[in-house]
Amino acid sequence: MAKLNLLAEYREDRAALLDYLTTLRDDAVAQLSAELLDGVPRADMTERFTGWASAR
């Protein structure tokens, strides 16, 4: 439901949606890196955060 709401909100500006999602991804990666001993996130978060919004 959240993805549909975001798609509706950013209907006219897909680039802005991707910018917003990229910011959220970067924040998540920074938080994960801070919590992991080796400082490396466990998985690539790009597809999870922005992949679904890139396709049209």
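Annotations for the structure displayed:
Matching residues to (1) part of a loop (DSSP other than H, G, I, E, B); (2) of a type in the set (Lys, Arg); (3) open to solvent by 100 Å² or more (accessible area, probe 1.4 Å); (4) modelled with pLDDT under 90:
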site: Arg11; (1), (2), (3), (4): yes, yes, yes, no
site: Thr23; (1), (2), (3), (4): no, no, no, no
site: Ser33; (1), (2), (3), (4): no, no, no, yes
site: Glu47; (1), (2), (3), (4): no, no, yes, yes
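- Look at the range 43-56: where a residue is closer than 16 Å to Leu17 by Cβ and a partner is modelled with pLDDT of 80 or more and open to solvent by 70 Å² or more (accessible area, probe 1.4 Å), sitting 6+ places away or on another chain with Cβ atoms under 8 Å, you get Trp52/Lys3; Ala53/Lys3.
The values are calculated or read from the model by the stated rules, or taken from the named source; none is laboratory data. Being a predicted model, the structure only gives us computed values, none of them experimental. Reconstructed Cβ throughout: ideal geometry from the backbone, glycine too, with neighbour counts over all protein chains shown. Surface accessibility is based on the protein's heavy atoms, side chains included, excluding ligands, DNA and RNA. Shrake-Rupley method; radii C 1.70, N 1.55, O 1.52, S 1.80 Å.
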